[in-house]
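Input: a single structure, listed below in structure tokens.
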Amino acid sequence: MNRFDYLSPRNLAEALQMLSVRPEAIPLAGGTDILVQMKERSRHIEALLSLKRVPELHQYSLNGTLTLGSALTVGQIAAKQEIQRDYTALAIGSGLIGSVQIRNMATLGGNLCNAAPSADTAPPLLVLGAEVVIASHQGERVVPLETFFLEPGRTILQPTELVKEIVLSKSHTRTGSFYIRHTPRAGMDIAVVGVAAAITLNTNEIILNARLALGAAAPVPMRAVQAEALLPGHRLTDELLREVGKTASQEAEPIDDLRASAEYRRHLVNILTQRALRGAMAKAKSNQGYQE
Amino acid sequence: MEYKLNFSVNKQPVDLLVEPHQTLLEILRDNLFLIGTKDGCGTGDCGSCTVLVDGEPVCACLMLAVEAEGQEVTTVEGLVTDSELHAVQKALIANGGVQCGFCTPGVLLSSVALLTRNPQPSEVEIREALAGNLCRCTGYDKIVRAVQEATKELEHA
Amino acid sequence: MPETRSIGQPLPRVDAMEKVRGQAIFAADINLPQTLVGKLLTSPHAHAEILSIDTSKAEALPGVRAVITAADIPEVDTYDPDHRLHAFLARQFVVFAGQPVAAVAADDLPTAETALELIEVEYRPLPVVYTPQEAILPDSPAVSRDAYRDSSAAADTTAETESDVAKEEKTPNIFYQQVIKGGDVDAAFAESDVVVEHTYTMPTVHQGYVEPHAVIAFWDRADHVTVWECVQGAFSGRDFIVKTLGITPTNITLNSTEIGGGFGGKIDGLFAPLAVLLAKKASRPVKLILTRREEFTSANPAPSTTIRLKTGAKRDGKLTALEGEILVDVGAFPLFLNASFNIQWLMLHNYKFQAWRLEGQDVLTNKASAGAFRAPVAVNAAFAIESQLDEIAGLLDLDPLALRLQNLLLQDDLLPNKEAQVRVGSKEVLAALAEHSSWTSAPPTRLGDDGLLRGRGLGLGSWGSGTQTASAIAILEADGKIRIVLGTVDLTGSYTSLAQIAAEALGVSVKQLVMTKASPDHAPFAPVSAGSSTIYSMGGAVKEAALDLRSKILNRAAQVLQVSEVELALNDEGVFVSAEPEKSRTLQALYEMGATWFGEYGPLIGLGSVTQRKPAPAFAGSIAEVTVDPETGQVTLTRLVIAQDVGKAINPLSIEGQIQGGAAQSVGMALWEEVMYDEQGQILNPSLLDYHMPTAMDLPMVETILVEAPGGDGPYGAKGVGEPPIIPSVPAVANAVSAAIGTRTCDLPISPERVWRALHGKTTS
Ligand code: FES
Ligand code: FES
């Protein structure tokens, strides 16, 4: 690692102020990616802005909407019972990242800001309709997560901006979500493909609403909108599942890399889409959701 | 520029000057001479640097020392109380869960943290808790058995 | 002989206490005052000529204490340009990406890293030879200027061999080539009822020791250097420095530290000369620790192989002919052994054939130079041949275990070199598996209610016990304990087993033994801990030293007690007359007699020095059960059983552990492990995140069966234990997968994508 300046703000205003003065400073959250890049000297960094002592970024509130401070660790998120129940996909995705040790360090904001196509929290947050609250010394803006990722490793964040929090709308009755990914190794691995699904049912188990999102299936985590569109107004039959899986796999834009070929990834999107939907369905049936 | 760092290591208060680029692992090993914590990869992938920070296992290789300000760090050297080994330490010895011993400190801290939060783990839960601790010598069989045995011992204690 | 008290006891390791307390000292744990950080500058090119290196900017950086390049290597007459060990720094050419071209020593890590960036190297890139298939073509560019080697030397000289490739057609990249043949292959195939033929590939894999290479060097006198190093042999490590730097052995103190796994990857140390040169130039201690990335790019992984194999059999299962071509990619330098020959040898030593013809080639490419990995290339051999036997059993509808039993090459059967096979335990290993519940239960139904495919598979493999010379000293100590002084490295728990051997030989309990590891300054010669030879060879030396001391103790006591030796007995308390136990001397008293002014008797010491021991090939067999998700191709290992002939289990606890660890590595090779290269010879996955060794979540418990078959002349019947367990689980898992999916995957690792392709008849991308 090269030598760098360490900025350690005590609150959000101070953090944003520091960032406005030193826009080259890189926010340090869990450090599980940035430190690796610095150690391998693939990234030269002038200054790190530590988010560890910025209380606003560690907030957690479930008050109709769910607000997750960007510096919460994915381990903290995976362990919350209400997230497991009402935002299941997010709990699953957060609980699959790295190892126990990594999950105790890696943060939700870090997982998103790295903009890895395979980020395990991204597809769940996409199907849960997450909004990203972005702050700078000039104020805040709120964007849907769909518009947040630009390309592998790049987001819409400006150098002076930070992700403050992620906001998820209220979870409704008979809504369920699920996330499933494929990795060769059971422990400590990176998604070859990950698929999240969220479903809302009416009392007759007809799908009112459905969302699908794919990880590691395109340059950035993406919604599978064409596949989703096939679902509302129907029951989840095997035939429909196959149709949706196929459509999702056609929508995906995977690449060949060392982990898998594009062809296999496309196939996995098909299979995992069906499995994620089944998982979301089971959750939706059992889920009484947030009590109003 | 150096920063003053106040934290506690194995229940002892420590204050020292550190440079921002120094990792917690480097400070533990090179400044405090707590050599029980190992460096097997430096990139968070092997778990030999596992220590507990406020009771939770983390990779000391990926934590800047300055970030440990005010926190409680436990290393393998802190597991022995009144010269009594921790139940997991005893069980690892008795069950042959130690071979080369390089992964052992990290395995111990992950196991101790697991048993603290979940005193009755299943085999699957033990394996999940240890997934971040690579061991190339044992095939994990005897490590998992040792944790199972320690569970029983702690239950009786 | 006293009754057995120590042999066969499942004792915990003698060093376990330090290890669970974090007190065991590994090389990186040593802190000398004023130690500098050493770092390597490695080549970004897989093949290039170094036109110039300018280190002046790096040297000018404050805090930099030394920069070395090939220009700093002293001239030695032992220099061998063909040898990997002499390539610790590139001279005129770099031949693999990751080869060190310079090294620095600096006050701290950031300074050292900055210094590396300031070194200016001008390279002229040369064509990269990427695959062995390309390397053997007559017009292939040369991997290295010096690559041509004569192949005729190290062959199985008594076998019928031929050299049917005209020398002039050969490219310099083939450095070893050999055909082993016997009988009439064409006729044997013609008589066969079934013939199977496939090409099996196994990629480069890495030993994956969790502790990276680490070495500290300190010139404590003008002409004397002390080195602390994690290395599998103190003598081999010292010898490496002698040969590369021309320092005389007694001017080197080599302290081998605790070692965090080696598995063949740390036989010589590889990087010690760099630390020694840096320390000399800086006049300060230098600590050099490899990064994990460098472990992949710059150390010595295992070679990759392509094996085309054809096997014939009669309807009753009798094997007829074996024919094939073995191509071994060893990377940029020749391997320490002729890998393809080893594969030929291993393929022909387990089963009987009427006729065989195996062509082998060891080939250079511009990749990290390969080294040993636990039972070097035995896995590659077993994967091919055991897959074929399984397939033949399937085609003939025979029990695969019975088919193997029927064809075993056993004692007195002739080996390809016309020598008679020694006593081996292959039959006992198979018999133990045949009785095991995993085999006696009905094979799993292929398709379960859960939609998963299921399969069970068997594999067998063997390794010849290492035969090395060894020595040790046994000393009667002041407190009546027995100190064993030895120079061997405890790689696998051997000190515990050696203490048990010594205790048994002496007739005392293990707690009377003190095992003292000594550097070559203080210990007599000990072989490198490799090739499953430590207990076999060192155990022999320790036993002999202990017996020697015992007889000297008894002799002394007989003199003192004025009885004959046969009347005496020895235990932890001392020596006593069997018929009159009150007539005795404590061991402490006997020590004191030899350690006193004007003493009548000299101190009591025992010596052990043993030569080449008889070969004792050891077999291991494995049964694996898997489930396969037909939609994703995901393989899950649900059960693993391994039986191994250990001759005599000196310490069943430690042997079980070693077997389980070997089996885990084997499963890793079967399902996940692969060092991937691009066409420019660059490693694509140089991290433990992307190089997939099994985690605790990836493996089941490993059921072990210790088989004790006679053979060899190891101490108390022990055979080599370390290598065999890595062999049979690769074919067992492969065969289980093939039973589950109904077709064969001949490429390792058996990744989900490959399984999916095999299941859906897709060709490999
Ligand atoms: S050294 Fe920290 S995880 Fe490997
Ligand atoms: S005991 Fe060697 S790595 Fe675990």
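Within segment B:102-127, restricting attention to residues that are more than 14 Å from C:ARG21 (Cα to Cα) and within 16 Å of ligand 2 (Cβ to nearest atom), the residue that is nearest to the chain's Cα centre (by Cα) is B:SER110. Of all residues in segment C:618-651, those that are part of a loop (DSSP other than H, G, I, E, B) and crowded, with 24+ Cβ neighbours inside 10 Å total 6.
Please specify each residue of segment C:272-298 satisfying the condition of being in contact with a strand residue (DSSP E or B) (Cβ under 6 Å, 6 or more places away or on another chain) and in a loop (DSSP other than H, G, I, E, B).
C:ARG284, C:PRO285
Mind checking whether some residue in segment B:7-27 is more than 7 Å from chain C (Cβ to nearest Cβ), surrounded by fewer than 20 Cβ atoms within 10 Å (Cβ to Cβ), more than 16 Å from ligand 2 (Cβ to nearest atom) and aromatic (Phe, Trp, Tyr)? No; the residues of segment B:7-27 include none that is more than 7 Å from chain C (Cβ to nearest Cβ), surrounded by fewer than 20 Cβ atoms within 10 Å (Cβ to Cβ), more than 16 Å from ligand 2 (Cβ to nearest atom) and aromatic (Phe, Trp, Tyr). Among the criteria (1) in a loop (DSSP other than H, G, I, E, B); (2) touching a helix residue (DSSP H, G or I) at 6+ places or on another chain (Cβ under 6 Å); (3) of a type outside the set (D, E, K, R); (4) more than 30 Å from A:GLU205 (Cβ to Cβ), the one A:SER171 does not fulfil is (4). Residue count for segment B:113-150 satisfying the condition of being surrounded by fewer than 22 Cβ atoms within 10 Å (Cβ to Cβ) and away from chain A (no Cβ under 14 Å): 6. B:ALA146 meets the conditions (1) assigned to a loop (DSSP other than H, G, I, E, B); (2) within 12 Å of ligand 2 (Cβ to nearest atom) in every case but one. The failed one is (1). Residues that are in contact (Cβ under 8 Å) with a residue 12 or more places away in the chain, surrounded by fewer than 24 Cβ atoms within 10 Å (Cβ to Cβ) and part of a loop (DSSP other than H, G, I, E, B) do not occur anywhere in segment C:723-730.
Scanning segment B:28-54 for residues that are within 16 Å of ligand 2 (Cβ to nearest atom), open to solvent by 10 Å² or more (accessible area, probe 1.4 Å) and more than 18 Å from C:ALA27 (Cα to Cα) returns a single hit, B:ASP45.
State whether the residues of segment C:42-58 include one that is of a type in the set (Asp, Glu) and assigned to a loop (DSSP other than H, G, I, E, B).
no
From the residues in segment C:479-533 that are within 26 Å of the chain's Cα centre (by Cα) and charged (D, E, K, R), which one is modelled with the lowest pLDDT? Looking at residues that are within 26 Å of the chain's Cα centre (by Cα) and charged (D, E, K, R), I get C:ASP490. Taking segment C:303-341 as the range and being under 30 Å from C:SER43 (Cβ atoms), part of a strand (DSSP E or B), open to solvent by 10 Å² or more (accessible area, probe 1.4 Å) and not hydroxyl-bearing (Ser, Thr, Tyr) as the test, only C:LEU327 passes. Filtering segment B:95-112 to residues that are of a type in the set (Gly, Ala, Ser) and more than 23 Å from C:GLY722 (Cβ to Cβ) leaves B:GLY106, B:SER110, B:SER111.
Taking first residues from segment B:100-112 that are more than 8 Å from every other protein chain (Cβ to nearest Cβ) and farther than 14 Å from C:GLU211 by Cα and partners that are more than 11 Å from ligand 2 (Cβ to nearest atom) and open to solvent by 10 Å² or more (accessible area, probe 1.4 Å), the Cβ contacts under 6 Å between residues at least 6 apart in sequence or on separate chains come to B:LEU109/B:LEU52.
With a requirement of 1 or more residues that are of a type in the set (Phe, Trp, Tyr), the strands (runs of 3 or more DSSP E) lying completely within segment B:1-90 that satisfy it span B:3-9. Summed over segment B:14-52, the residues that are more than 11 Å from ligand 1 (Cβ to nearest atom), under 13 Å from the mean Cα position of the chain (by Cα) and of a type in the set (Val, Ile, Thr) give a count of 1.
Got at least one residue in segment C:232-240 being open to solvent by 10 Å² or more (accessible area, probe 1.4 Å), away from ligand 2 (no atom under 16 Å from the Cβ) and touching a strand residue (DSSP E or B) at 6+ places or on another chain (Cβ under 7 Å)? Yes, some residue in segment C:232-240 is open to solvent by 10 Å² or more (accessible area, probe 1.4 Å), away from ligand 2 (no atom under 16 Å from the Cβ) and touching a strand residue (DSSP E or B) at 6+ places or on another chain (Cβ under 7 Å).
Looking across segment B:128-142, the residues that are within 12 Å of ligand 2 (Cβ to nearest atom) and under 26 Å from B:VAL9 (Cα atoms) come down to B:LEU130, B:ASN133, B:LEU134, B:CYS135.
Quick grid of which residues meet (1) within 28 Å of C:GLY264 (Cβ to Cβ); (2) at pLDDT 95 or above; (3) open to solvent by 10 Å² or more (accessible area, probe 1.4 Å):
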residue: B:GLU56; (1), (2), (3): no, yes, yes
residue: B:CYS61; (1), (2), (3): yes, yes, no
residue: B:VAL88; (1), (2), (3): no, yes, no
residue: B:ILE93; (1), (2), (3): yes, yes, yes
residue: B:GLU153; (1), (2), (3): no, no, yes
residue: B:HIS156; (1), (2), (3): no, no, yes
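Looking at segment A:44-60, is at least one residue without any contact (Cβ under 8 Å) to a residue 12 or more places away in the chain and at negative phi? Looking for residues that are without any contact (Cβ under 8 Å) to a residue 12 or more places away in the chain and at negative phi, one finds none in segment A:44-60, hence no. Restricting the search to helices (runs of 4 or more DSSP H) fully inside segment A:87-139 and requiring at least 2 residues that are open to solvent by 10 Å² or more (accessible area, probe 1.4 Å) and under 17 Å from A:GLY69 (Cβ atoms) gives A:108-113. The condition of being more than 30 Å from the chain's Cα centre (by Cα), within 20 Å of C:PHE271 (Cβ to Cβ) and not assigned by TED's automatic domain parsing to the domain that holds C:ASP362 holds for only one of C:ARG91, C:ARG65, that being C:ARG65.
So, in segment B:87-131, of the ones that are of a type in the set (Ser, Thr, Tyr) and over 15 Å from B:VAL76 (Cβ atoms), which residue ends up farthest from ligand 1 (Cβ to nearest atom)? Among those that are of a type in the set (Ser, Thr, Tyr) and over 15 Å from B:VAL76 (Cβ atoms), it is B:SER122. Among the residues making up segment B:28-69, those that are within 22 Å of A:SER8 (Cβ to Cβ), in contact (Cβ under 8 Å) with a residue 60 or more places away in the chain and more than 9 Å from every other protein chain (Cβ to nearest Cβ) are B:ALA65, B:ALA68.
With respect to the stated conditions, C:LEU689 fails to be in contact with a strand residue (DSSP E or B) (Cβ under 7 Å, 6 or more places away or on another chain) and more than 21 Å from C:LEU346 (Cβ to Cβ).
The values are calculated or read from the model by the stated rules, or taken from the named source; none is laboratory data. Keep in mind that this is a model prediction, so the values were computed, not measured. Here the Cβ is made from the backbone with ideal geometry for all residues, glycine too, and neighbour counts use every protein chain on show. What goes into the accessible areas is simple: the full protein's heavy atoms, side chains included, and nothing from ligands, DNA or RNA. Shrake-Rupley method; radii C 1.70, N 1.55, O 1.52, S 1.80 Å.
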